[in-house]
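Some notes on the structure that comes next.
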Amino acid sequence: MNVDATQEVFLVDDDEAVRDGLQLLLNASGLQVQAFSSAERFLDYYQPDYAGCLLLDVRLPGMSGLQLQDVLLARRIDLPIIFITAHGDIQTAVDAVKKGALQFIEKPFDDHRLLCCVFNALKLDDKIRRKAAADALIEARFLALTRREHQVLDMVLAGKTSRIIAEELFISVKTVEFHRGGIMQKLQVGSLRELFQMYLDSRAL
């Protein structure tokens, strides 16, 4: 699978031998890796706009892997997480997955399975970031509307005709049509159907 050149695998494990072995495996598969011996060091380095996935040990000195997951959730950082552990138990795995972890893999793990999980996580990260970019674009378009355009938009979405809108806002039909044209242009939609769909999409943000 081809991955975005900006994507990296962020590896957090306190065992140096495990870190070195995983780096070799991931590098050999064409992946970029940033390795850390603790959750704190990872947090010092990581920025929300860094693309990739997190390969995270459960048991770490200081902050645990599960605690790091909680910190990322609190900061609204939607980075796909694959947990790796030599001391896993069913309840820990269930808790991690409930909070959004993608996979929970026990050591020693199969290299092929691990790589499949990592590539799937990178694919998910790309999908998440593309959606976030599309959502931000929609939000920016709505923010570009003037107060009057927002008024007209709300009335159009309520199913009111240009004549009714003109009467209720005490403006001419020609002015209403002018505002409707501005709305369609700023939102970059070509029909009322597209306008309704964009509005519904914006409400889901």
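None of the figures in this text is laboratory data; all of them are computed from the coordinates on show. No experiment lies behind these values; they were computed from the predicted model shown. Here the Cβ is made from the backbone with ideal geometry for all residues, glycine too, and neighbour counts use every protein chain on show.
In this rough spin-label picture, where each label sits 7 Å from Cα along the Cβ direction, the E177-K98 distance is 6.0 nm. Taking Cβ atoms as reference points and 12 Å as the exclusive limit, the residues near Q151 contribute a net charge of +1, counting Lys and Arg as +1 and Asp and Glu as -1. Farthest towards the positive end of the charge dipole of the stretch 62-160, among the residues Q91, A134, G62, is the Cα of A134, using unit charges on the Cβ of Lys, Arg, Asp and Glu. With the highest mean first, a sort of the peptides 90-98, 172-180 on other beta-carbon atoms found within 10 angstrom per residue produces 172-180, 90-98. Sorted on the mean count of surrounding Cβ atoms within 10 Å across their residues, most packed first, peptides 135-143, 9-17, 45-53 read 9-17, 45-53, 135-143. Spin-label model, S191/Y45: points 7 Å from Cα along the beta carbon direction are separated by 5.0 nm.
The local environment of A136, defined by Cβ-Cβ distances under 13 Å, has a net charge of 0 under the rule Lys, Arg +1 and Asp, Glu -1.
For A101, neighbours were defined as the other residues whose beta-carbon sits under 13 Å from its Cβ, and their charges (Lys and Arg +1, Asp and Glu -1) total -2.
Note on K174: aspartates and glutamates with a C-alpha under 20 Å away, same-chain residues under 8 apart excluded, are E149, D154. Could you sort out which of K127/K160; K131/K186; K98/K186 sit more than 30 Å apart by Cα distance in this structure? K127/K160; K98/K186, as the Cα separations exceed 30 Å there.
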